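Data block below; observations after.
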Amino acid sequence: MSSTHAPAHRERTTTIPAIVVRVLFLGAVLAVAAFTVPLMIELKQWMWLTVMVLATVAIFVLYSTKRFVPGKYLFPGTFFLVVFLITPIILTIGYSFTNFGDGTRGTKEQAVDSIVANSVQQTEDSTWYNLAVATQGDPVEGPFTLFLVDPETGTVYRGDETAPVQEISADEVTVTSGFVTEAEGYTILDAREVNAAYDALQAFAVPISDTSAVRVQGANQAFEGTTMLSYDDATDTLTDSLTGDEFTVGKVGDTEYFVDADGKRAFSQSWLQSVGASNYERLFTDAGIAKQFGAAFVWTLVFALGSVLLTFVVGFALALVLNDERMRGRRLYRSVLLMPYAVPGFISLLVWSNFYNRDFGLINETLGLNLDWMGDPTLAKAAVLLTNLWMGFPYMFIVSTGALQAIPNDVTEAARMDGASRLQTTLKVVTPLLMVAVAPLLVASFAFNFNNFNAIQLLTEGGPFLPGEYTRGGTDILISMIYRIAFGGSGADFGFASAVSVALFALTGVLAAIQFRFTNVLEDVN
Amino acid sequence: MQIRRQSFLALSGVAAGTALLAACGGGDETGGGGASDAGGASDAGGAEEGAAPARADADLVIWTDEEKAVSLEEPAAAWGEANGLTVAVQIVADDLQGNFVTANQAGNGPDMILAAHDWIGNLVQNGSISPVQLPGNATEDIAPIGIEAVTYDGQTYGVPYAVETLVLFANKALTDAPEPKTVEEMVEAATAGGADNVLALPVGEQGDAYHMEAFYTSAGGYLFGKDSEGNLDPSDVGVGQEGSITAGEKLKELGESGVLSTSITGDNAISLFTDGKAAYLVSGPWALEDIRTAEIDYAMSAVPGFEGLDPAVPFAGVNAFYVAAGGKNPAFAQQFATAVASSPDIVEQMFPKNELPPVSLELQKKLAEDFPEIVKIAELAADGDPMPAIPEMAAIWQPLGQAQANIVGGADPESTMVSAGEEITGQISG
Amino acid sequence: MSTSTTPRIPTAPLAPVAIPRRMSPRRWMAEIGWRHLVGLAAMAFAVFPILFVVSASLNPLGTVSSSGLLPKAFSLVHYEALISGSRGPFLQWYLNTLIVCGVVAVTQVFLSTLAAYVFSRFRFAGRRIGLLSLLLVMMFPAILAMIAVYTMISDLGQVIPVLGLNSLPGYIVVLLGGSLGQVWLIKGFFDTVPKELDEAAIIDGCSHWQVFTKILLPTLTPILATTVLLALVGVLSEFLLGSIFLTADDKKTLAVGLYGLLQGDRSNNLGVFAAGSVMIMIPVIILYQFLQRYIVGGSTAGAVKG
């Protein structure tokens, strides 16, 4: 185990245990693939099938030979990254060209089914029957026959789709506590079987008169009702059987609906459709968004940069101050300073949002102030930054502490030997070394805060909003503003939200690229 | 150093740790990389065995929020047992409506949900719920407002069981007018009584159009007009119209006199009242328990309107059972819905754990003696207006609430209300 | 960058290497005392919201406005309510959280370390672009892609039920999407370790795997411990994905379960919620205590001097 005497003599040959491990591992991968691929094909899950096949191929290519050393190390993490971060991004890009949102989530078939199913009307004074579903055939496929008992009179009826409901003699069946439990020549379905066949039974209507039919509700009840609408596949129209009105497919906005003769939307159900680039058009032409985008963008940058700098400066300074080995109680300090980070973010934000209350908040009360923290845009911005500082400085503190500890003692000792003071050592030797380690982290932290939706949403909800201003509040960063636009007004609009995400993503990318140009953090340090 | 490192790995406690150490001695290139990956995979494997028994696929899965779930659990289980079925009541922590629609679409949703009636419009446009027919004898026992609330486009979509509305609570120690008939009377009495705050009505920085609805309607404000058939007409938005501006002017006065304040929020309104700091509170049945715990000597009445203006009409919210359109067990869900509709037994069993005013008239009678306040709220709700269930309502909440909050904070009533109306109309048509 | 040009200031007195046992009070103040002052001030800032949470958790009323910094009343009702399970299977949530956080944090750090090693020590085509895109992907506004992730997992659950919805492994693998989240941090630290170290080892005949496990990992113990902690806390407060993925009561994590309580009634559940938060905090603090042994005092000495 000791690393100090590494076996220098060992040749880089492939040992037998290594071969066994490799074969077992690759075999296991193959087994998983062999098990899942047919299932995925059967369920038509092409996305997962692609993932599975590509992953298997990648594993075989990477781990069956001695080549591709970096790939061997990168693959495990990259696999998860690609599957759970990049694939959703690709799907999101796809959504951005559709009208995906409330009312348009499903297929046209589902929308038609829903419209037709919702048009079933109970006839006035309908009798409610105790129902037993029976079959002379298969309990899943049918054909089904309904045995009905009128709970008031105890009369027993029978009917199916071809034979209208008719009274039968109670002798033909066995009735137990109001339900038909046995009928000669029929198998009575139990509740689970009814449930399994329910899709078919819901569309099942046993005629009782010219206008109404017996319909199944639940596993053991039936009522008289009529389906008002019917759908004709060939003409793609819905017809109201009572009024004779016809509804055809027409466009309202960028989305197709069933419309009445005047072209007015008749049903709110629609379906997922491709809308080309219209989400992007809306994004770039919507006056409200265009007007507010600039201001929101500036504040987003200030917020993200401010949060990173504040948390880092405070966290780093504290780490330095408390890193003196002569200090007693350092553990205590460190443990306490960690605490803000250990509280789940959403409770911190809830607690802080109450602190800022003008009349009842802890801050004004304790400090004897009367500041309208949440009502004044500037103060609200300060409040957001202060809260984010509180939530984020422990992170920087811990990282800096860890980094300080990782700086070899010899380096600082050498500096001190050379006659540098403590402060000088800190500023000229320790800080630059530490910056090498944490600079990339600051970039990542900036990126995180750029989209730090929760910090805004749970604290201020983007507010305060000036009178007459509804698009952007005083503390709205881009993502929180966009989120409100996409999900606030007319229900969830994922298509539009996706378009915005993609645009925001592109913008972030450009920003990051510029940032890299300036700071050169990607340059090698060694 | 060596010891530290080992126990660090021990802490990690994963197969990866051992695989890593083993590979270390092996000194082979590919074996190492392979083993590490195997280690990573077995992490997930280890957790599988421990934590995931067969998915609890009950015969009937119901989603709802925490409070309703607590009350429903036992009655639902009892019903399930009587019918030979297993029932699972699950709490969805965040955004029940959105998550239900998404899950239902993916075929992984529940069989039923329990939620407020104003979701119906959105659930219908997403094809997420199926109609539920109410047996004839049920409609006689259910208060008309319950039926009205779950009827959407001429179809019934849920089985209503409880109704909520906002009422005015008065702290008798702080006011001589326990049941004020007008806002003016209320303000006067509370000022005379010397309370820190006249009224605890949540406004917040973002506004709260739900709690403000009584005052808004009393001054003549409305949300949507009605078409010839009595359905709400989303092309006729009342925000920005004359009545809403009158309401704005009233709110501004109340804001200036400190009766309404943006610093009173949903987080502190009830506790201001229970702490004896506010003479009046506008809240719903959910506040009762706290008021009782705080031992406040209180009275309860309808939220008053402004003197000489229309009566105040608060929102009524009806809680109902809905049958999911994409559930795995629609038959059992319908069966349970019918059972709830046919007899008040299940709702009665739910009552002790979540005291909501029932819509069942029979149950109201039963509870009248022991829970007079609850029944009174149910009666007051009958005078309320069911929250609009049309999807366009989503466009109302934020701008209207925002405008009201701004006006309470001192903004100009007319221009602010008009701008809110324009925003709403823009969102609905866009 | 000129990182290690050591300044020479001859006039500065040579600081004593060994600390004298007794310092004059003035000297003590100048050298150490002020550090305590700063530390105390920082502690006050860090701790006052937490005091509020703790006192709210002990306040039997459990409302926002009746809670202050110092507990006005002392009652354990909220803790009892949680532990007795009357507000949901709290202990089960606790266990689930430990499983999820532990597995995700350790795997995440391990996979990140593997990748960071390669990014720091190898030169290969696509390295720069890989690092850059890694950062970019992390910047994607993930909340807007949640529906896509949900649909994916819902599909996967049909093939491999254990990786589907309402299952901890399913939730875990989704969270592992952030497996490379710590690469930047760890790579930064790999870069501070002199390359000569592993070059020497390679010349000695070590393989890259041996260099990684025997030379670099021990050197980086402090930062790995730190990273595990950070990753763990990151997972701890995740509730957006969790609240749609984990609906069955016995599958929830603490964050999801507690958020459900809070959503039920914001103004009155603060007490229970605060009690839950305190109980989340405690293990994190204990873990930090434990990890401090590695974070503080760990140095490269072992590896460098060998």
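The values are calculated or read from the model by the stated rules, or taken from the named source; none is laboratory data. Model, not experiment: these values are computed from the prediction. Neighbour counts are summed over all protein chains in view; Cβ atoms, including those assigned to glycine, are modelled from backbone coordinates with ideal geometry.
List of remarks:
- Those residues of segment C:178-215 which are buried (at least 20 other Cβ atoms within 10 Å of the Cβ) and outside any helix (DSSP H, G or I), in sequence order: C:SER179, C:LEU180, C:GLY181, C:GLN182, C:VAL193, C:CYS206, C:SER207
- Residue, farthest from the other protein chains (Cβ to nearest Cβ), within segment A:374-394, restricted to residues that are touching a helix residue (DSSP H, G or I) at 6+ places or on another chain (Cβ under 6 Å) and not hydrophobic (A, V, I, L, M, F, W, C): A:ASN388
- Residue within segment A:409-418 that is within 44 Å of the chain's Cα centre (by Cα), without any contact (Cβ under 8 Å) to a residue 60 or more places away in the chain and part of a helix (DSSP H, G or I) present: no
- Yes/no for A:ASP125 being under 49 Å from the mean Cα position of the chain (by Cα), of a type outside the set (S, T, N, Q), within 30 Å of B:GLN125 (Cα to Cα) and surrounded by fewer than 20 Cβ atoms within 10 Å (Cβ to Cβ): yes
So that you can scan it fast, the table gives a plain yes or no per residue for (1) in contact with a Phe, Trp or Tyr (Cβ under 7 Å, 6 or more places away or on another chain); (2) without any contact (Cβ under 8 Å) to a residue 12 or more places away in the chain; (3) buried (at least 19 other Cβ atoms within 10 Å of the Cβ):
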site: B:GLU81; (1), (2), (3): no, yes, no
site: B:THR86; (1), (2), (3): no, no, no
site: B:THR102; (1), (2), (3): yes, yes, yes
site: B:ASP118; (1), (2), (3): no, no, yes
site: B:ASN122; (1), (2), (3): no, no, yes
site: B:GLN125; (1), (2), (3): no, no, yes
site: B:ASN137; (1), (2), (3): no, no, no
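- Verdict on B:LYS277 being surrounded by fewer than 24 Cβ atoms within 10 Å (Cβ to Cβ), within 14 Å of chain A (Cβ to nearest Cβ) and under 25 Å from B:GLY204 (Cβ atoms): yes
- Single unsatisfied condition, B:GLN97 versus (1) surrounded by 21 or more Cβ atoms within 10 Å (Cβ to Cβ); (2) under 18 Å from the mean Cα position of the chain (by Cα); (3) in a helix (DSSP H, G or I): (1)
- Checking each residue in segment A:92-126 for being more than 7 Å from chain B (Cβ to nearest Cβ) and closer than 22 Å to A:SER501 by Cα picks out A:THR92, A:ILE93, A:GLY94, A:TYR95, A:SER96, A:PHE97, A:THR98, A:ASN99, A:PHE100, A:GLY101, A:THR104.
- Tally, over segment B:68-94, of residues that are assigned to a helix (DSSP H, G or I) and at pLDDT below 85: 0
- Candidate set from segment C:201-215 (those that are farther than 25 Å from C:LEU134 by Cβ and touching a helix residue (DSSP H, G or I) at 6+ places or on another chain (Cβ under 9 Å)); member that is farthest from the other protein chains (Cβ to nearest Cβ): C:ILE202
- Filter pass, A:ALA304 being under 30 Å from A:PRO394 (Cα atoms) and in contact with a Ser or Thr (Cβ under 9 Å, 6 or more places away or on another chain): yes
- Tally of residues being outside any loop (DSSP other than H, G, I, E, B), among the hydrophobic types (A, V, I, L, M, F, W, C) and either under 24 Å from B:PRO311 (Cβ atoms) or more than 14 Å from every other protein chain (Cβ to nearest Cβ) (or both) across segment B:244-274: 6
- Breaking point among (1) more than 7 Å from every other protein chain (Cβ to nearest Cβ); (2) more than 13 Å from C:ALA274 (Cα to Cα); (3) at pLDDT 85 or above, for C:ALA42: (1)
- On inspection, B:PRO386 qualifies as farther than 22 Å from A:PRO464 by Cα and surrounded by 19 or more Cβ atoms within 10 Å (Cβ to Cβ).
- Count of residues meeting criterion [aliphatic (A, V, I, L, M), more than 11 Å from B:GLY421 (Cα to Cα) and assigned to a strand (DSSP E or B)] in segment B:212-240: 1
- Residue identified as among the β-branched types (Val, Ile, Thr) and either at pLDDT 85 or above or in contact with a Gly (Cβ under 9 Å, 6 or more places away or on another chain) (or both) among C:VAL284, C:VAL256: C:VAL256
- C:LEU230, sole failed condition from (1) closer than 19 Å to C:ALA115 by Cβ; (2) crowded, with 24+ Cβ neighbours inside 10 Å; (3) away from chain B (no Cβ under 12 Å); (4) modelled with pLDDT of 80 or more: (2)
- Remark: C:ALA275 falls outside the filter, which requires a residue to be within 13 Å of chain B (Cβ to nearest Cβ), part of a helix (DSSP H, G or I) and buried (at least 21 other Cβ atoms within 10 Å of the Cβ).
- For first residues located in segment C:107-125 and more than 16 Å from C:PRO222 (Cα to Cα), partners that are in a loop (DSSP other than H, G, I, E, B) and among the hydroxyl-bearing types (Ser, Thr, Tyr) and lie 6+ apart or on another chain with Cβ distances below 7 Å form the pairs C:THR107/C:SER179; C:GLN108/C:SER179; C:LEU111/C:SER179.
- Residues that are hydroxyl-bearing (Ser, Thr, Tyr) and in contact with a strand residue (DSSP E or B) (Cβ under 8 Å, 6 or more places away or on another chain) do not occur anywhere in segment B:238-255.
- Note on segment C:74-164: enclosed helices (runs of 4 or more DSSP H) holding 2 or more residues that are within 20 Å of the chain's Cα centre (by Cα) and more than 26 Å from A:VAL443 (Cβ to Cβ) are C:90-121.
Residues checked against (1) over 23 Å from B:ILE264 (Cα atoms); (2) surrounded by fewer than 19 Cβ atoms within 10 Å (Cβ to Cβ):
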| position | (1), (2) |
| --- | --- |
| A:GLU365 | no, yes |
| A:THR387 | no, no |
| A:TRP390 | yes, no |
| A:MET396 | yes, no |
| A:ALA414 | yes, yes |
| A:LEU423 | yes, yes |
| A:LEU434 | yes, no |
| A:ALA447 | yes, no |
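- Yes/no for C:VAL53 being within 8 Å of chain A (Cβ to nearest Cβ), free of Cβ contacts under 8 Å to residues at least 40 places away in the same chain and not small (Gly, Ala, Ser): no
- Residues of segment A:460-478 that are among the hydrophobic types (A, V, I, L, M, F, W, C) and either on the phi > 0 side of the Ramachandran plot or buried (at least 23 other Cβ atoms within 10 Å of the Cβ) (or both): A:PHE465, A:ILE477, A:LEU478.
- Matching residues, segment B:398-411, being more than 8 Å from every other protein chain (Cβ to nearest Cβ), surrounded by fewer than 24 Cβ atoms within 10 Å (Cβ to Cβ) and either modelled with pLDDT under 90 or more than 18 Å from the chain's Cα centre (by Cα) (or both): B:GLY410
- With respect to the stated conditions, A:TYR483 is more than 7 Å from every other protein chain (Cβ to nearest Cβ) and not in a loop (DSSP other than H, G, I, E, B).
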